[in-house]
Amino acid sequence: MGPWRGTDAPVLRSVYLSTPDLSTQFGDVAFDSEDAAGEFIATKLIWQPERSFNLAIELGGKPVGNVGISNIDHRHRTAWAYYWVSGEARGLGLAARSAASLASWAIEELGLFRLELGHRTNNEASCRVATRAGFVAEGLERAKLQYGDTRFDVESHARLATDPAPSLELIPIHADPP
């Protein structure tokens, strides 16, 4: 795994177009061109060491997803973790391995102590990813997210530096910014 690059724009656009439910991950972005996908990489998947890190999850040498942390608070040593994968990469364990790898890297390399994440309660697959990656369920946030006219409850999870590492094969992280 490594940082997204501008040359990944065609693949990002293809992933988005082939996996309709990713629209909730990207918000109001329309990938109607490779330029739009490139703009998304340059502005949303940007590598900002003091604030956020996004890494392309790869399968067969091409990006098929993203794992990242944002809202890094160095004083409290906390951050928010997130992930998504394309339809073709689902069910292969890549999301869990990627999330576990990024969490371990953030704890060891960045000195973070607590990583948090949340998923809609109706997204059981995301819950399995979080749990397999070593994130412990902590509670329910009622009606936290809204997509269209519907509000969704969110289950929050966290992984602490003192938690046992999950027994997953970690993916090497190439953290050299583009």
Of all residues in the stretch 124-133, which are closer than 15 Å to TYR82 by Cβ and buried (at least 17 other Cβ atoms within 10 Å of the Cβ)?
SER126, CYS127, VAL129, ALA130, ALA133
Would you point out the residue of the stretch 47-57, among those that are without any contact (Cβ under 8 Å) to a residue 40 or more places away in the chain and in a loop (DSSP other than H, G, I, E, B), that is nearest to PHE135 (Cα to Cα)?
ARG51
Please go through the stretch 19-45 and give me each residue that is surrounded by 12 or more Cβ atoms within 10 Å (Cβ to Cβ), touching a residue at least 24 places away in the same chain (Cβ under 8 Å) and either among the charged types (D, E, K, R) or part of a helix (DSSP H, G or I) (or both), ordered by number.
LEU22, THR24, GLN25, GLU34, ALA37, GLY38, PHE40, ILE41, ALA42
For the stretch 128-150, which residues satisfy the criterion of being in a strand (DSSP E or B), under 25 Å from ALA106 (Cβ atoms) and not hydrophobic (A, V, I, L, M, F, W, C)?
GLU138, GLY139, GLU141, LYS144
Selected residue (only one of VAL85, VAL67 is within 18 Å of ALA130 (Cβ to Cβ), touching a helix residue (DSSP H, G or I) at 6+ places or on another chain (Cβ under 6 Å) and in contact (Cβ under 8 Å) with a residue 60 or more places away in the chain):
VAL67
Hey, ASP153 assigned to a strand (DSSP E or B) and surrounded by fewer than 21 Cβ atoms within 10 Å (Cβ to Cβ) or not
yes
Among the residues of the stretch 58-77, is there at least one that is modelled with pLDDT of 90 or more, part of a loop (DSSP other than H, G, I, E, B), buried (at least 16 other Cβ atoms within 10 Å of the Cβ) and not aromatic (Phe, Trp, Tyr)?
yes
With respect to ALA95, determine if the residue is more than 19 Å from THR24 (Cβ to Cβ), touching a helix residue (DSSP H, G or I) at 6+ places or on another chain (Cβ under 8 Å) and part of a helix (DSSP H, G or I).
no
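The values are calculated or read from the model by the stated rules, or taken from the named source; none is laboratory data. Note that the structure is predicted; figures quoted are calculated from it, not measured. So basically every Cβ, Gly included, is an ideal-geometry build from the backbone, and we count neighbours across all protein chains shown.
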